[in-house]
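Encoded as structure tokens, the structure appears first; notes follow it.
Read the figures in this text as sums done on the coordinates, not as results from a lab. Quantities reported herein were computed from a predicted structural model and do not represent experimental measurements. Heads up, the Cβs are rebuilt from the backbone with ideal geometry, glycines too, and the neighbour counts pull from every protein chain shown.
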Amino acid sequence: MLLLTLGTAAGGGVPQWNCACPGCTGARAHPDRRRSHDSLAVLGPEPSSWFLVNAGPDVTEHLETHPRLRPGAGTERTPVVRVLLTDAELDHTLGLLRLREARHVEIYATAPVRQALRQRLALDTVLTPYTTLTWRDLPPAGHSPAVIAGIEVCAVPLSTKRPRYAAEAQQDDSWVIAVRLHDPASGRTALYAPALAGWTEEFGKEAAAADCVFIDGTFWDDEEPQRLGISARTSTAMGHLPIDGPTGTAQHLASLPARCLYTHLNNTNPLVDPLAPQHGVLAGRGLEVAQDGMVIEL
Ligand code: MLT
Ligand code: MN
Ligand code: ZN
């Protein structure tokens, strides 16, 4: 399978329209530092077989970036768009509204995510006059995987963190998941986890068994949101383990055999500046920062 990193930023992107922090200012001065909302395209073995993991506000620009994601020659329109969701957050789901020109949109999600989108965001009501929506379950690891574009996919439950618009909804550990992607032809596995609230035993096992891990790189350290004045809470309290520090993900990832790449970077994260010394710290541990537009063959 081919993995295409369509976007690598947290909600708001880099730069964020209403922000003049050093990361956003730097991205305005250096367009190559711009990052769009995190999303992954997975290209299967057949010529037109692909699907997305998450569909954020940039989705239709994303679909123009790679020739294989564009419609075929002539008048043929893309017949169906398939989207897997890691959660119901707006930065991962607003793009579903932008896919209304599709004839058919298939959405793979866990039960609480599906319920939030159908009941709270009223996606059926809004989109059904434009397109056909099909909702599909994303089976948890340990069950028969769904097979999409020749790739076996399943959900690794991560946390009960609900979007702010569903803050009082019922608790369920599959509000936020990692998507496991396994290519039976190559035997290789990738894990996509743009929001990781805690390093669970199950996630550790999944990461240890994967060949490639995309992981939450929202904040560099736990105090970053408070220090930069964007929240009174720590990174961990916001549902994102930091990269660095005693509870950070870098120490766990450094011992894994997988290729590990940070994604979902917030504009406050020093890593949005390619000259930041933190890049050297990660490189020393064999870890990478994902960029928009990477192509990874597994
Ligand atoms: C998150 O990643 O924590 C959410 O996208 C934040 C939000 O948009 O409220
Ligand atoms: Mn987010
Ligand atoms: Zn900013």
Subject >> DSSP bridge orientation in the stretch 23-161 - percent antiparallel, rounded to nearest 5 >> reply: 35
**OP:** Can you tell me the order of 123-134, 213-224, 170-181 when each peptide is scored by its average per-residue count of other Cβ atoms within 10 angstrom, highest first?
**Re:** 213-224, 170-181, 123-134
**OP:** Of the options G280, L253, I230, report the single residue whose Cα projects farthest towards the positive end of the charge dipole of the chain (beta-carbon charges: Lys, Arg +1; Asp, Glu -1).
**Re:** I230
Original post:
In the stretch 254-298, which residues have a backbone nitrogen under 13 Å from the label point lying 7 Å from R188's Cα in the Cα-to-Cβ direction?
Top reply: 258-260, 295-298
**OP:** Pick out, from C19, V156, L133, the residue whose Cα sits farthest towards the positive end of the charge dipole of the stretch 2-297, with +1 on the Cβ of Lys and Arg and -1 on the Cβ of Asp and Glu.
**Re:** L133
Subject >> Ratio of Rg to Rh over the chain (Cα coordinates, Kirkwood Rh, two decimals) >> reply: 0.94
**OP:** Could you tell me what percent of the DSSP beta bridges with both partners in the chain are antiparallel, to the nearest 5?
**Re:** 50
Original post:
So, by mean Cβ neighbours within 10 angstrom, what's the order for 101-107, 34-40, 236-242 with the highest one leading?
Top reply: 34-40, 236-242, 101-107
Original post:
D for the stretch 1-150, whole µm²/s, Stokes-Einstein with Kirkwood Rh over alpha-carbon pairs at 20 °C and 1.002 mPa s: what number?
Top reply: 131
Original post:
Hey, can you rank 200-207, 156-163 by average C-beta count inside 10 Å, highest first?
Top reply: 156-163, 200-207
Subject >> Point-charge dipole on Cβ atoms (K/R +1, D/E -1) for the stretch 44-196, about Cα centre, debye to 20 >> reply: 140
Original post:
Per the helix-only calculation at 222 nm, which mean residue ellipticity applies to the chain, given -39500 (n - 2.57) for every DSSP H run of n ≥ 4 and division by its residues, nearest 500 deg cm²/dmol?
Top reply: -4000 deg cm²/dmol
Original post:
Taking Rh as the Kirkwood radius computed over C-alpha pairs, what is the Stokes-Einstein D of the stretch 64-177 at 4 °C in a medium of viscosity 1.567 mPa s, expressed in µm² per second?
Top reply: 86
Subject >> Computed magnitude of the charge dipole of the stretch 2-297 (debye, nearest 20; Cβ of K, R +1, Cβ of D, E -1) >> reply: 560
Subject >> Whole-number percent relative contact order across the stretch 2-297, with pairs defined as alpha carbons under 8 Å at least 6 apart >> reply: 19
**OP:** Choose one answer from L84, L97, L228: the residue with the largest mean-square fluctuation in a GNM of the chain with alpha-carbon springs under 10 Å.
**Re:** L228
Subject >> Mean-position separation - Cα centroids, the stretch 276-298 and the stretch 1-73, in angstrom >> reply: 17
Subject >> Extension gain (nm, one decimal) between N18 and A122, 0.36 nm per residue minus Cα-Cα >> reply: 34.7 nm
